[in-house]
C-alpha cells in the first residue's frame, strides 16, 4: 500500500542521481529496470517543488576519452559523453522549474562516482541550509552508494529512497550489499510504494 511522501522540511533537499538515457534499459550502460524509478522520483520532485525546497540532479558528464571507458583501459563502455543524447536526462523525468544540475566525472583522468567528488555540491547544500538529503537514482552500488557515504562523512543526514534505486549488479548481490553498507553508514530508508 502506498504511503504519502512526508512534507519536506526547511532543511531538506532532494538529490536525484544520474537519471540519464545511457543508464536506462537499452542504453550504453543500461541498468535493468532503471526506468522504474522515474515515476517514484517524479512524486518526490513534485513534493519538494511544492514545499519550495531545492532539487539537485546529478549527471555523469564525461569527455569522449574518459578514463573509465574500456577504450581507455577502464571498466565501462563509453557512456554519458557530455552533450550527447545519451547524457541527457531520461524522458519522463519531470525536471523542476529551477533544477540545480551537478555534473560529475567531467575530467578526463578522474573517475567520480560520488556527486561530491570534484563538484561544489557540498557548498551548495550548506549555502541552502540543508541538513537532510533525500536521495534516489542510479546505480545503487556506484553513484548512489558513494554519494551517500560522502554525504554522511560531510555530516548530512541521509534518507535513501529504497524503492527508487536500482543496481547494476555486475556481481549478483552487489546492490543488496551496497544497501547494507549505506545502512551501516547511518543513512535511513524511506519508500512510497506504487505511484500512479
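All of the numbers you see were taken from the coordinates with simple rules; none came from a lab. Keep in mind the model is a prediction, meaning the values are calculated, not measured. Positions of Cβ are generated from backbone atoms using ideal geometry, with glycine treated the same way; all protein chains shown enter the neighbour counts.
Computed over the range 125-166, the P(r) curve from all C-alpha pair distances, binned at 5 Å from the origin, holds 6, 24, 33, 22, 12, 3 percent per bin.
Taking the fewest neighbouring Cβ atoms within 10 Å as the starting point, the ordered list for 55, 148 is 55, 148.
Site pair residue 67 and residue 132 shows an inter-label distance of 3.8 nm when each label is modelled 7 Å from Cα along Cα→Cβ. Most simply put, the chain has about 5% antiparallel DSSP beta bridges, counting only bridges with both residues inside it.
From least to most packed, judged by other beta carbons within 10 angstrom and beginning with the fewest, 10, 103, 68, 191 follow the order 10, 191, 103, 68. For the pair residue 88 and residue 120 in one chain, pulling the backbone fully straight at 0.36 nm per residue adds 9.4 nm over the alpha carbon distance. Note on log10 I(q)/I(0) by the Debye sum over Cα atoms at q = 0.11 Å⁻¹: of the candidates (1) -0.57; (2) -0.68; (3) -0.44, the value calculated from this structure sits at (3). Against the chain, whose longest principal axis comes from its Cα atoms, helix 174-184 is set at around 40 degrees.
The alpha carbon convex hull volume per residue for the range 13-52 rounds to 56 Å³. Across the chain, Cα pairs under 8 Å and at least six residues apart give a relative contact order of 26 percent. Here each label is just a point 7 Å from Cα along the line to Cβ, and for residue 154 and residue 170 those points are 2.5 nm apart. What FRET efficiency would be calculated for the residue pair residue 7, residue 107, taking the C-beta separation as r and a Förster radius of 35 Å, to the nearest 0.05? For residue 7 and residue 107, the calculated efficiency is 0.35. Report the paramagnetic label zone for residue 189: residues of the range 1-34 whose backbone N is under 20 Å from a point 7 Å from Cα along the Cα-to-Cβ axis. Answer for the range 1-34: 1-6, 15-17, 32-34.
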